[in-house]
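Input: a single structure, listed below in structure tokens.
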Amino acid sequence: MITFKAEIEKFGEMGEKTGWSYIFIPHTLADQIKKDCRKSFRIKGKLDQVEISGMATTPMGEGDFIIALKAALRKKLRKEAGAVLEVQLEEDKDFKIELPEDLELCLSDETQLMENFMKMPMSHRNWYINWLNSAKTETTRTKRLVKIVSAMDRGLDFGEMMREGKGETKL
């Protein structure tokens with residue numbers, strides 16, 4: 001586990017990251033958590049005295065990463081942009097999102113559906129699962145299941161599937 005101090009920063013104009021609050025993890029520290037990694041990985045530890053686990057790092061290029069701090073976490077910390085945190089981090093090797101039963105049933109209908117899903121990186125599978133689980137109604141969940149099955153049939157990753165439906169009504 002590594003320990004360091006980090007200032008909470010906030011993106012101004014930064015595309016999809018506009019307005020995000022985050023802490024920066026420079027390459028030298030990221031390398032101590034997960035050597036030579038350039039892709040997103042999960043971390044656990046403490047931000048001040050608040051326990052965290054399963055949080056994703058976001059690669060920013062050249063081995064640097066950020067950890068996005070959602071409003072609920074900032075509220076627990078009682079800190080906003082400009083405040084300094086005592087950070088203790090290590091890779092969360094135990095993190096795993098379970099495949100929802102209804103998604104597993106749908107993908108099991110045809111062999112290539114589950115194969116296409118399982119050959120994607122864990123982060124893409126997690127995005128699909130989190131998107132499905134965030135549906136607030138059964139109707140929306142069903143529409144999302146159909147969309148996921150269709151994407152798996154055509155071998156689309158999460159981003160491709162979401163961009164494909166840009167002109168349609170939001171699910």
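Take SER53 and decide whether it is closer than 30 Å to ALA151 by Cα, in a strand (DSSP E or B) and at pLDDT below 95. Criteria met by SER53.
Looking across region 18-36, the residues that are on the phi < 0 side of the Ramachandran plot and either in a strand (DSSP E or B) or free of Cβ contacts under 8 Å to residues at least 24 places away in the same chain (or both) come down to THR18, SER21, TYR22, ILE23, PHE24, ILE25, THR28, LYS35.
Name the helices (runs of 4 or more DSSP H) wholly inside region 66-171 in which the number of residues that are farther than 27 Å from LYS10 by Cα and either touching a His at 6+ places or on another chain (Cβ under 7 Å) or among the acidic types (Asp, Glu) (or both) is 2 or more.
Values: elements: 71-77, 101-107, 111-118, 122-133, 138-153, 158-164.
Once the helices (runs of 4 or more DSSP H) in region 66-171 are filtered for at least 2 residues that are farther than 27 Å from LYS10 by Cα and either touching a His at 6+ places or on another chain (Cβ under 7 Å) or among the acidic types (Asp, Glu) (or both), what remains is 101-107, 138-153, 158-164.
Residues of region 37-60 that are touching a residue at least 12 places away in the same chain (Cβ under 8 Å) and of a type in the set (D, E, K, R): ARG38, LYS39, ARG42, LYS44, LYS46, ASP48. Would you call ASP94 touching a helix residue (DSSP H, G or I) at 6+ places or on another chain (Cβ under 8 Å) and either farther than 30 Å from MET1 by Cα or modelled with pLDDT under 90 (or both)? In short, no.
The values are calculated or read from the model by the stated rules, or taken from the named source; none is laboratory data. Owing to the predicted nature of the structure, the values given are computational and were not obtained by experimental measurement. In this analysis, Cβ positions are derived from the backbone assuming ideal geometry, glycine residues included, and neighbour counts consider all displayed protein chains.
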